[in-house]
Amino acid sequence: MNKLGLALLATLVTATSACDTSTAGANDVLLFTPRDCGRIGCSFNLSIGTGGLVDVQIDPIGETSTAGITLFADPDFVLDVVPVTDNGQPTWEMLGVSPGIARLIAIDTDGIEVDFLEVVVQDADGLELLPVLGDAVGPDTSNPSYDQVWTINADQAVSFNLAQSIGGETMMGRFVYTATIDQEISDGLINTNDVSEGVLHFQVPVGQYQATFASTSGLTFDALFDAQ
């Protein structure tokens, strides 16, 4: 990855973490914070899309210690939770298994419930492209050939995230997509590894360029980028 890519990635990670919202559990003992949720601004006010992955971390409220606390979900056929490698703070990965409401439960080393939070999982009915970094004007949805048209600056880096939505409201979740992008976008990618996750970091010369995404659930999304 070049220096521009590293700088953009570092800025993206910082912006994403800074916008995440913590929610107090029902017992006001712990704060639950969603992380790396596939969009800028993770919050449990949003549902998780079925099949989507979201990380979660916990912090104490007041003098409570989080030592030895672990998380699980009930029912696990709605939400599955597993511990993952963390960077100094205990982290779990949630998977939206099927539509419904699950309790994300924190227990101590004796198996006693400490706190919990209700998490909603829903099936998506659409896809939305969200601007993250760089100058982008849009989306224009008046062109019947595309779901969204964005006007961007030629030869300047921009970043977009594809999010799943229901009723026009975006949801949380990291997903895998099949992506078809114009060669000029491919040549201008700053981080090629993220495209299959619905993330586009790129810069292109003057022109119009297309990108199409398809989800594993059968949803499709067509975007046009007008670089001026």
Of all residues being more than 19 Å from the chain's Cα centre (by Cα) and acidic (Asp, Glu) in segment 84-117, which is farthest from TYR177 (Cα to Cα)? Just the residue, please.
ASP110
Among residues of segment 108-119 being of a type outside the set (Asp, Glu) and touching a strand residue (DSSP E or B) at 6+ places or on another chain (Cβ under 6 Å), the residue modelled with the lowest pLDDT is VAL114
Residues located in segment 61-79, provided they are under 18 Å from GLY111 (Cα atoms) and modelled with pLDDT of 85 or more:
THR66, ALA67, GLY68, ILE69, THR70, LEU71, PHE72, ALA73, ASP74, PRO75, ASP76
What is the one condition in (1) among the β-branched types (Val, Ile, Thr); (2) in contact with a helix residue (DSSP H, G or I) (Cβ under 6 Å, 6 or more places away or on another chain); (3) within 26 Å of GLY51 (Cβ to Cβ) that VAL199 does not satisfy?
(2)
Going through segment 84-107 in order, the residues found to be farther than 17 Å from GLY173 by Cβ and either at pLDDT below 95 or among the acidic types (Asp, Glu) (or both) are THR85, ASP86, ASN87, GLY88, GLN89, PRO90
Out of curiosity, is GLN148 surrounded by fewer than 17 Cβ atoms within 10 Å (Cβ to Cβ) and modelled with pLDDT of 95 or more?
no
Would you tally the residues in segment 50-83 being within 24 Å of GLY168 (Cβ to Cβ), among the β-branched types (Val, Ile, Thr) and in a strand (DSSP E or B)?
1
The condition of being in contact (Cβ under 8 Å) with a residue 24 or more places away in the chain and surrounded by fewer than 16 Cβ atoms within 10 Å (Cβ to Cβ) holds, among GLY100, GLY88, only for GLY100
Restrict the check to segment 30-49 and report whether at least one residue is at pLDDT 95 or above, part of a loop (DSSP other than H, G, I, E, B) and β-branched (Val, Ile, Thr).
no
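The values are calculated or read from the model by the stated rules, or taken from the named source; none is laboratory data. Fair warning: this is a prediction, and the values are worked out from it, not measured in the lab. Every residue, glycine among them, receives a Cβ derived from its backbone with ideal geometry; neighbour counts consider all protein chains shown.
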